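Below is one structure, written out as structure tokens; comments come after it.
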Amino acid sequence: MGATYNPLGLAGFTANVGSYAYDPLLTDGDDVVTRKAKFAAAVAAPLGPVVKRGTICQFAPATGLLTAGDGAEPVIIAEDCDTTNATAGTPVEAIAYASGKFNAAAIIWDPAQTNHAITSENCRHVGIMIESTEWRDGSIVKTNPTDQETKTAQAIIERNKAEQKEVREEAAKPSKEATDAPYAYLTPEEREKHPEYAAIHPGEELRKELGMKDEGEEKPAKDTHGGAHPAPTGNLPHSQTGHKPGEKK
């Protein structure tokens with residue numbers, strides 16, 4: 001089964017039957033400890049300025065201040081926190097988890113720390129247990145990946161970014177083929193789940209199947225009008241067609 005854009009995760013834990021409100025970040029809501037903290041400076045991108053729930057930050061017990069990123073005193077942000085206007089004189093308050101069990105797929109890892117095993121170990125030392133998560137497509141968000149697994153994951157992201165850039169550039173090119181917008185022919189389910197089916201630029205195999213010319217192969221039409229250009233046809237403004245409404249061609 002191929003990977004999906006937003007696969008549903010299956011964390012390595014079970015829930016007892018009964019009343020239970022699912023939380024994608026917490027894997028066990030019974031042994032969670034939270035504490036008040038504050039940001040005394042705006043957090044820079046990519047982790048800020050709005051620090052999202054699930055982001056790993058550093059907590060200074062002596063001052064109660066938070067800084068984004070991995071380290072020896074980690075906590076996990078419990079609620080989104082906008083640090084845009086945070087300063088030393090007017091810090092922004094935040095709520096953070098100091099201990100508990102958490103879903104690895106919902107954690108926002110420090111991008112500067114590419115070794116998630118180090119982050120997981122730092123968290124474990126303070127009572128924050130991050131549990132591996134398996135997606136329904138078979139991939140696993142690991143708390144202790146090898147160096148090669150980390151490099152492979154990063155390479156996949158860069159490859160997909162490059163492919164998406166090519167898709168966007170190709171989509172920006174004007175279509176030379178006469179066609180109705182494919183989106184109009186998608187089913188409701190396809191519109192919701194697979195809008196990419198209506199991509200206006202078909203692949204090479206489909207172009208051949210439909211008898212569509214490759215770009216650059218289009219040849220000029222033969223001159224059958226003695227050098228004079230024929231009048232345009234189609235839904236063009238009257239100024240371009242040379243005809244007024246009701247006038248015979």
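Looking at T84, T4, T27 in this structure, which one is at pLDDT 95 or above and either out of contact with any strand residue (DSSP E or B) (no Cβ under 6 Å at 6 or more places or on another chain) or assigned to a strand (DSSP E or B) (or both)? Please lay out each step first, then the result.
On the way: T4 fails: at pLDDT 95 or above; T27 fails: at pLDDT 95 or above.
Just a single option satisfies the conditions, and that option is T84.
What pairs come out if I take residues in the range 147-170 that are closer than 30 Å to I118 by Cα and pair them with residues that are outside any helix (DSSP H, G or I) whose C-beta lies under 6 Å away, six or more apart or interchain?
Qualifying pairs under 6 Å: T150/T114.
Of all residues in the range 34-60 being free of Cβ contacts under 8 Å to residues at least 60 places away in the same chain and touching a helix residue (DSSP H, G or I) at 6+ places or on another chain (Cβ under 9 Å), which is nearest to S120 (Cα to Cα)?
Step by step, filter the range 34-60, then rank; the result is G54.
If we keep just the residues of the range 95-116 that are hydrophobic (A, V, I, L, M, F, W, C) and under 23 Å from the mean Cα position of the chain (by Cα), which is modelled with the lowest pLDDT?
Restricting to residues being hydrophobic (A, V, I, L, M, F, W, C) and under 23 Å from the mean Cα position of the chain (by Cα), the top hit is A112.
So is N144 at pLDDT below 95, more than 25 Å from V50 (Cα to Cα), under 20 Å from the mean Cα position of the chain (by Cα) and of a type outside the set (A, V, I, L, M, F, W, C) or not? Steps first, please.
Values: at pLDDT below 95: yes; more than 25 Å from V50 (Cα to Cα): yes; under 20 Å from the mean Cα position of the chain (by Cα): no; of a type outside the set (A, V, I, L, M, F, W, C): yes.
Judged against the criteria, N144 is not a match.
Which condition breaks for K142 when tested against (1) of a type outside the set (V, I, T); (2) closer than 19 Å to I77 by Cα; (3) surrounded by 15 or more Cβ atoms within 10 Å (Cβ to Cβ)?
Going through (1) of a type outside the set (V, I, T); (2) closer than 19 Å to I77 by Cα; (3) surrounded by 15 or more Cβ atoms within 10 Å (Cβ to Cβ) one by one, K142 breaks only (2).
Need the failing condition index for V50 against (1) over 16 Å from M129 (Cα atoms); (2) in contact with a Leu (Cβ under 8 Å, 6 or more places away or on another chain), just the number.
(2)
Here's the yes/no breakdown for (1) assigned by TED's automatic domain parsing to the domain that holds D110; (2) assigned to a strand (DSSP E or B); (3) at pLDDT below 90:
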position	(1), (2), (3)
S120	yes, no, no
I130	yes, yes, no
K151	no, no, yes
I157	no, no, yes
A162	no, no, yes
K165	no, no, yes
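Residue by residue through the range 34-48, note down the ones that are exposed (fewer than 15 other Cβ atoms within 10 Å of the Cβ) and closer than 16 Å to T87 by Cβ.
Initially, the range 34-48 is screened for residues exposed (fewer than 15 other Cβ atoms within 10 Å of the Cβ), giving 36, 44-46.
The one that is exposed (fewer than 15 other Cβ atoms within 10 Å of the Cβ) and closer than 16 Å to T87 by Cβ: A44.
Give the residues of the range 71-94 that are among the hydrophobic types (A, V, I, L, M, F, W, C) and either within 23 Å of the chain's Cα centre (by Cα) or buried (at least 19 other Cβ atoms within 10 Å of the Cβ) (or both), sorted by residue number. Walk me through it before giving the result.
So the first thing to find is which residues in the range 71-94 are among the hydrophobic types (A, V, I, L, M, F, W, C), and the list is 72, 75-78, 81, 86, 88, 92, 94.
Across the range 71-94, the qualifying residues are V75, I76, I77, A78, C81, A86, V92, A94.
The values are calculated or read from the model by the stated rules, or taken from the named source; none is laboratory data. Because the structure is a prediction, the values reported are computed rather than measured. Positions of Cβ are backbone-derived with ideal geometry, glycine not excepted, and every protein chain shown enters the neighbour counts.
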